[in-house]
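Here is the structure we will look at.
The values are calculated or read from the model by the stated rules, or taken from the named source; none is laboratory data. Note that the structure is a prediction, hence the values are computed from the model and not measured. FYI the Cβ positions are ideal-geometry reconstructions off the backbone, even for glycines, and counts take in every protein chain you see. Side chains included, ligands, DNA and RNA excluded: accessible areas come from the protein's heavy atoms. Shrake-Rupley method; radii C 1.70, N 1.55, O 1.52, S 1.80 Å.
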Amino acid sequence: MSLVPQPFTPPRRAHIVGLGIAVPPQVLTNDDLAQRMDTTDEWIRTRTGIRERRVSTPDIATSDLATQAGRMAIADAGITAESLDLILCATTSGDYIWPSTACILQQNLGATRAAAFDLSAACSGFCYALATAAAYIESGSMKQILVVGADTLTKQVNWSDRGTCILFGDGAGAAILAAGPPDAGVVSSIMRADGSGVESVWLPAGGTRTPITTELLEAGNVGLEMRGREVYRFAAERVPEVIMDALCSVGLNPSDVGLLVMHQANLRIMQTVSERLNIPMEKVFVNLDRYGNTSAASVPMALCEAKAEGRILPGDVVVTVGFGAGLTWAANVIFWQGAANG
Ligand code: ACO
């Protein structure tokens, strides 16, 4: 059954008018990992496409990266923090369980007028947040929103689980959304979830169900857990489907896509999606080799680098897509107008 929404043209749309990126300085290569555990650069590269990732030192928390990326996006858009109506931070590794990391950002940036909240949709977080922020702008209730995807999952991984710890890196990406003409901007967003997959990839301990105890700590059972093959199959199935649905909802097909910006989890997943949709890999942006899986940060980090490299030009159809814990997945179609930032 198709869940494609009915076409709807609001009087205004959300346009991405500024982008930012931040990563911690410390680089951890596959060879570094091979010195710590039973793995090899060759295994990691061929199974995932990852060569190195950035890791936060203890003094760097998620809000530090998010603030840096947010400042860059604000400068890129040529606006002031005071003009923001909302800060929406997609993260599953916030500084604290509560209050939100978005409130820390609000304070750091001096965005005194802005409301602030976090959104938890793991690696789909930025695409969910883009959809949510776009809806506020389309409704006319807000004009300028800072959307951030930021995670420091290297602080949550179990470093004795070689099947997962090699995948993740830390980072933040940010976008300024501003109200603009209805014939461009974020023209379609589709968000999906399947809670039957809660245990496919999760952080089981540390919440109210399973608080962290001395016993859990001593057993080393407090990190992220993932059934890799299950998540891989889910992504290979659902990602092409949600991209197609998002494109179809605005009368487009895969050949119209100028750039596909996917969650950077595994190069093989990207190649599978590319083959299934017949979108050549030249149109699929990849920076996973340098950053690994940065969860909610991966899509905005990739958008920012793609824009800086001249891979996104005014008039392009850009598709962003995320997938991850929940299970969640989402796609956005953006007619790039590039108003304030060319
Ligand atoms: N180095 C060397 N060998 C390893 C390593 C490693 N780092 N990790 C696992 N192996 C071994 C396993 O022990 C196994 O050995 P065996 O055959 O002797 O038992 C073998 O390699 C194969 O292991 P698999 O786990 O089956 O490997 P697979 O090919 O499935 O690759 C991977 C694992 C890379 C994790 C893949 O399943 C994957 O990318 N899955 C999707 C992950 C993803 O997209 N996550 C996104 C969401 S994350 C989020 O939301 C927070």
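Some notes on this structure:
- Entry comment: accessible area of the chain is 42 Å² per residue, from protein heavy atoms only and a probe of 1.4 Å.
- Computed from backbone phi, the HN-Hα couplings of region 229-237 come to 5, 5, 5, 4, 5, 4, 5, 4, 7 Hz, rounded to whole numbers (Karplus: 6.51 cos²θ - 1.76 cosθ + 1.60, θ = phi - 60°; Gly and Pro given as x).
- When the alpha carbon gyration tensor of the chain is reduced to an equivalent ellipsoid, its three semi-axes come out at 30, 23, 19 angstrom, largest first.
- Residue with peak Gaussian network fluctuation, the chain [Cα springs, cutoff 10 Å], from V55, V17, V250: V250
- Note, ³J(HN,Hα) from phi for region 220-225, Karplus 6.51, -1.76, 1.60, rounded to Hz, x at Gly and Pro: x, 9, 10, x, 4, 10
- Residues in region 326-336 carry Karplus couplings, in order, of x, 6, 10, 7, 6, 9, 10, 10, 10, 8, 6 Hz; the curve used is 6.51 cos²θ - 1.76 cosθ + 1.60 with θ = phi - 60°, and Gly or Pro positions show x.
- Taking a sphere under 9 Å around the Cβ of R51 and counting the other residues whose Cβ falls inside, with K and R at +1 and D and E at -1, yields a net charge of 0.
- Those residues of region 245-271 whose amide nitrogen sits under 20 Å from the label point placed on N278, 7 Å along Cα→Cβ: 245-261, 270-271
- Computed over the chain: relative contact order in percent, which uses C-alpha pairs under 8 Å that are six or more apart: 26 percent
- For the chain, a Gaussian network of Cα nodes joined below 10 Å ranks R276, R12, R238 by mean-square fluctuation, and the top entry is R276.
- Accessible surface of the chain, 1.4 Å probe, proportion on carbon and sulfur as whole %: 52 percent
- Peptides ranked, highest mean first, by Cβ atoms within 10 Å: ranges 120-126, 40-46, 243-249, 221-227: 120-126, 243-249, 221-227, 40-46
- FRET efficiency, 1/(1 + (r/R0)^6) with R0 45 Å, evaluated for N221 and C248 via beta carbons: 0.55
- Sorting the segments 85-93, 205-213 by their mean number of nearby beta carbons within 10 angstrom, highest to lowest, gives 85-93, 205-213.
- Residue with peak Gaussian network fluctuation, the chain [Cα springs, cutoff 10 Å], from A34, A102, A150: A34
- Partner lysines for K155 [C-alpha distance under 30 Å; skip if fewer than 8 residues away on the same chain]: K307
- Rounded, prolate or oblate (a/c below 1.5 giving rounded, otherwise prolate when a/b exceeds b/c) for region 86-155 by Cα gyration tensor: oblate
- Simple spin-label estimate for Q26 and R162 in nanometres, 7 Å along Cα-Cβ: 2.2 nm
- Here the label points at I97 and F117, each 7 Å from Cα along the C-beta direction, are separated by 2.0 nm in the simple model.
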